[in-house]
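In what follows, a structure is listed as structure tokens, so that the remarks can point back to it.
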Amino acid sequence: MTTDSSTPDLSTAPNPTILDPAAQSGQCAPTDQHPPKRGTQGDPFSMDRDQEMKISESIQFSDEVENRGLLESSTRLKPHEAQSYRKKALWVSWASILVTIALAVAAFTVSIMRHSASAFGFAFDAVLDVLSSIIVLWRYSNAAAVHSAHREYIACVVLGVVFILSSMCIVGKAIHDLATKLLPEVGDFLFSVSILSGILCIILAVVKFMLGRVLTSRALITDAFNSLVGGIMGFSILISAEVFKHHPNVWYLDGMTGVLIGLIILAYGVKLLIDMVPRVRQTHNYETFE
């Protein structure tokens, strides 16, 4: 029996291939110009580079926003949210003014009656807190300037100057008490003022700091720092008085605490001026909120 030679042998047939339409028309098949990236998964160096690029882009974006005379909060908050937080900042500033005025009067009374350098330092810091809260009130008094970088930086410069002047008075009074070996006196009134001032100032500091973070306001954060210092000084009055009560030979602790707090305020004020004075000059052309 013979086989038909015209019948194709399926066992020897070539494998079928799918031709690209471009190849059929005589053109070369396009090559993949975007090969899959390798090393993106599990490569710590690639992840670090990506993170660095994101951080760099974020910093550049923040700089561009500031160069337009606006704070970073302008890109984070909606208009009604910004106005709501602005009103909260005003309410907190008014509350801080009322509370710190009362605490300043009480602390000055303690300082005179008990010869306490820490009490004098706290009273002066309370006055500083009143001034800083007034500056924050001016900062947010204009609803149209809630994101104004220029107004923000001016407020910070004024705060820096006030900090430096106040620190000189605090340090000067503390050094005078140390030189004359002025011994503090302990009493129930001192204890009450210390506890009350410490608690209230720390609460105000936390609220101001939270608002400052949301509004990206250095002025509010500086005001929060000042309230925090006031709270620490309030507790330091109590600590130094109790230490002197049980260890009279450590009479200098009260004065040294006043010097330390004064130097901290001085350093913060100088740092504030170094950071903010150049920015005031950079943004003076964007003073369009008036």
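The values are calculated or read from the model by the stated rules, or taken from the named source; none is laboratory data. Note that the structure is predicted; figures quoted are calculated from it, not measured. No Cβ is skipped: glycine too gets one built from the backbone with ideal geometry, and neighbour counts run over all protein chains shown. Ligands, DNA and RNA are excluded from the accessible area calculation, which covers all protein heavy atoms including side chains. Shrake-Rupley method; radii C 1.70, N 1.55, O 1.52, S 1.80 Å.
Based on protein heavy atoms only, the range 157-251 ends up with 46 Å² per residue of surface accessible to a 1.4 Å probe.
Summary of packing: across the peptides 246-255, 86-95, 193-202, 127-136, the per-residue average of other C-beta atoms within 10 Å ranks them, highest first, as 127-136, 193-202, 86-95, 246-255.
In terms of overall dimensions, the C-alpha atoms belonging to the range 147-242 reach 49, 27, 14 Å along their principal axes, ordered largest to smallest. Here the gap between Ala102 and Ile264, fully extended at 0.36 nm per residue and compared with their Cα-Cα distance, gives a gain of 55.9 nm. Sorting 144-155, 163-174 by their mean Cβ neighbour count within 10 Å, with the most densely packed peptide first, gives 144-155, 163-174. The shape of the range 128-193 can be summarised by an equivalent ellipsoid whose semi-axes, obtained from the alpha carbon gyration tensor, come to 36, 17, 5 Å from longest to shortest. The slack between Thr180 and Val206, meaning 0.36 nm per residue of separation minus the straight C-alpha distance, is 5.6 nm. In a fully extended conformation the segment linking Phe189 and His284 would gain 29.3 nm over its present Cα-Cα distance, using 0.36 nm per residue.
All Cα-Cα separations within the range 82-228 were binned at 10 Å from zero, giving a P(r) of 12, 39, 30, 14, 5, 0, each value a whole percent of the pairs. Neighbours of Ala95, meaning other residues whose beta-carbon lies under 11 angstrom from its beta-carbon, give a summed charge of +2 when Lys and Arg score +1 and Asp and Glu score -1.
Calculated FRET efficiency, Gln83 to Thr109, Cβ-Cβ distance, R0 = 41 Å: about 0.55 to the nearest 0.05. Given in Å, the Rg to one decimal and the Dmax to the nearest whole number for the Cα atoms of the range 214-290 are 18.6, 60.
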